[in-house]
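Student: To start, I am sharing the structure in question, which I have written as structure tokens.
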Amino acid sequence: MSDQVQEREHFGSKLGVIMASAGSAIGLGNIWKFPYEAGKNGGAAFIIIYLGAIVLVGMAIMIAEYVIGRRGGKNAVGSFKALAPKSLWWIPGLMGVIAAVAILSFYGVVAGWTFEYLFQAAKNSFAGQTPDALSAQFTSFIQHPYRPVFWQLLFMGITCVVILSGIKKGIERYTEILMPVLFVVILILAIRSITLPGGGEGVRFIFHPDFSKIDGQTILNALGLAFFSLSLGLGAIITYGSYVKKNDNLISTSIEVIVLDTVIAILAGLAIFPAVFAYGIEPGSGPSLVFITLPNVFQQMPGGMLWGILFFLLLAVAALTSSVSLLEVVTAYVSEELKMKRRTAIFISASVITVVGVFCSLSQGNFNSLRIFGLNIFDFLDTLASNYLLPIGGMLISLFVGWRMKKEDLLDELSNGGLLKIYAFGLLRFTLRYIAPAAILFVFMNKIGLI
Ligand code: TRP
């Protein structure tokens, strides 16, 4: 796979595509970010806006990314270049590569936290601790000068190993087995959490909206989270799309991936909020929420230590299948556009990301006073990527497929050359041309107070 002369690798089956894409989508975004953002932004009302963003904007953009990737047949930048030569349309692709670097930098840090918690679960060190003690334990860990960095380096190393083994044998093989197991474990945790005494309040929190808490910033957060969680806006799905075979159905694949991702996010919410209320944890505690809530739940379960191990193991795996897709965006770009061997490309990309990531990790402790626009490096990269680069990237992707791509070409790609019957093609194209870009624009104008 060292250069474009060789034929590019492809996913082996449609199930493989769905599992790899769902593996990219399902990750810390669903299980770590979704609950804490929902908690910080008032619960049900935020979740409704998040779901609205998925239906109105996310679905069409996921389909658009697959179309660009499979038709362009290359990395995020190269696919745009192939479809629109001698134009500036490579810019959204490059923005995506930058966003991937930004996201993976802090993503690797949080993924590292899951390793520490796996290790703690295996030592049975949550047993008998009060909610306050568990919370203090988390804070002192993430502020530690090298412990989180150690786990982060390990995680980035494993990500490289998976990518090195290629598409079919690496990415596809792992996700096919592990994603279904993750689903079952979260389901069981949700049941345990809902049946805790006092858990009902948490269920209310997720399902009874209070729209008075919603403002421009919350709406932007919900939109950003929808992009983040579905892996949209930076070319991850473009890159995976380029490995999809010509006879797979892009629309049904997108729908299946979106349904899986959304179900996991809601289940994660159901596993976390009842426990948050049962143990008197602050729902708006931010990034620590999952890490301080679930250890309390494990304590209340027969075989809690094993559940803890299983959960953090699977969370680490879910993070891995996502980080792999982020590193693949950068690697495919570096190897194909900057013409490097795939191995070299992986090494260079991962090194840059890891160095930035170490600063993200340190920004939880010693480097916290280093601020960009008032945010520490970790929060700055998260906000920059999730709230700005992804939605803007998504808007450009939508405009590209809606306006620049010929209608016949879009139909041809979606129907696999006329073999599949496409329902609601007009609606999809209308969404790409008008609804999705307008919705994203509206959110930005609303945020800066223009509407
Ligand atoms: N979607 C992943 C998650 O929820 C994170 C992720 C992987 C991502 N690839 C992406 C986010 C591409 C945005 C774009 O954890």
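The values are calculated or read from the model by the stated rules, or taken from the named source; none is laboratory data. Note that the structure is a prediction, hence the values are computed from the model and not measured. Positions of Cβ are backbone-derived with ideal geometry, glycine not excepted, and every protein chain shown enters the neighbour counts.
Student: Would you confirm, using the coordinates I've provided, whether I48 is touching a residue at least 60 places away in the same chain (Cβ under 8 Å) and either surrounded by 24 or more Cβ atoms within 10 Å (Cβ to Cβ) or within 16 Å of the ligand (Cβ to nearest atom) (or both)?
Tutor: So I48 does not fit the description; no.
Student: While we're here: Does I353 fit the bill of being touching a helix residue (DSSP H, G or I) at 6+ places or on another chain (Cβ under 9 Å), farther than 19 Å from F80 by Cβ and without any contact (Cβ under 8 Å) to a residue 40 or more places away in the chain?
Tutor: For I353, the condition - touching a helix residue (DSSP H, G or I) at 6+ places or on another chain (Cβ under 9 Å), farther than 19 Å from F80 by Cβ and without any contact (Cβ under 8 Å) to a residue 40 or more places away in the chain - is not met.
Student: Do you know which residues across the stretch 332-378 are more than 16 Å from G112 (Cβ to Cβ), modelled with pLDDT of 95 or more and within 16 Å of the ligand (Cβ to nearest atom)?
Tutor: Hits for the stretch 332-378 are Y333, S349.
Student: What residue, of L270, L294, L313, L306, is in a helix (DSSP H, G or I), without any contact (Cβ under 8 Å) to a residue 12 or more places away in the chain and either among the aromatic types (F, W, Y) or away from the ligand (no atom under 16 Å from the Cβ) (or both)?
Tutor: L306
Student: Looking only at residues in the stretch 156-180 that are β-branched (V, I, T) and modelled with pLDDT of 85 or more, which one is farthest from the chain's Cα centre (by Cα)?
Tutor: Across the stretch 156-180, the extreme among qualifying residues is V161.
Student: Here's a follow-up. Here's a check for you: in the stretch 94-120, which residue that is surrounded by 24 or more Cβ atoms within 10 Å (Cβ to Cβ) and away from the ligand (no atom under 12 Å from the Cβ) is farthest from Q300 (Cα to Cα)?
Tutor: Once the filter is applied, the top-ranked residue is S105.
Student: Within the stretch 155-165, identify whether any single residue is among the aliphatic types (A, V, I, L, M), touching an Asp or Glu at 6+ places or on another chain (Cβ under 9 Å) and part of a helix (DSSP H, G or I), and answer yes or no.
Tutor: Yes, the stretch 155-165 contains at least one residue that is among the aliphatic types (A, V, I, L, M), touching an Asp or Glu at 6+ places or on another chain (Cβ under 9 Å) and part of a helix (DSSP H, G or I).
Student: Could you check the stretch 209-240 and list, in sequence order, the residues that are within 13 Å of the ligand (Cβ to nearest atom) and more than 18 Å from I264 (Cα to Cα)?
Tutor: Of everything in the stretch 209-240, those that are within 13 Å of the ligand (Cβ to nearest atom) and more than 18 Å from I264 (Cα to Cα) turn out to be G233, L234, G235, A236, I237, I238, T239, Y240.
Student: For residues that are within 16 Å of the ligand (Cβ to nearest atom) and among the small types (G, A, S), scanning just the stretch 10-31, find the one that is farthest from A226 (Cα to Cα).
Tutor: Per the criteria, the residue is A20.
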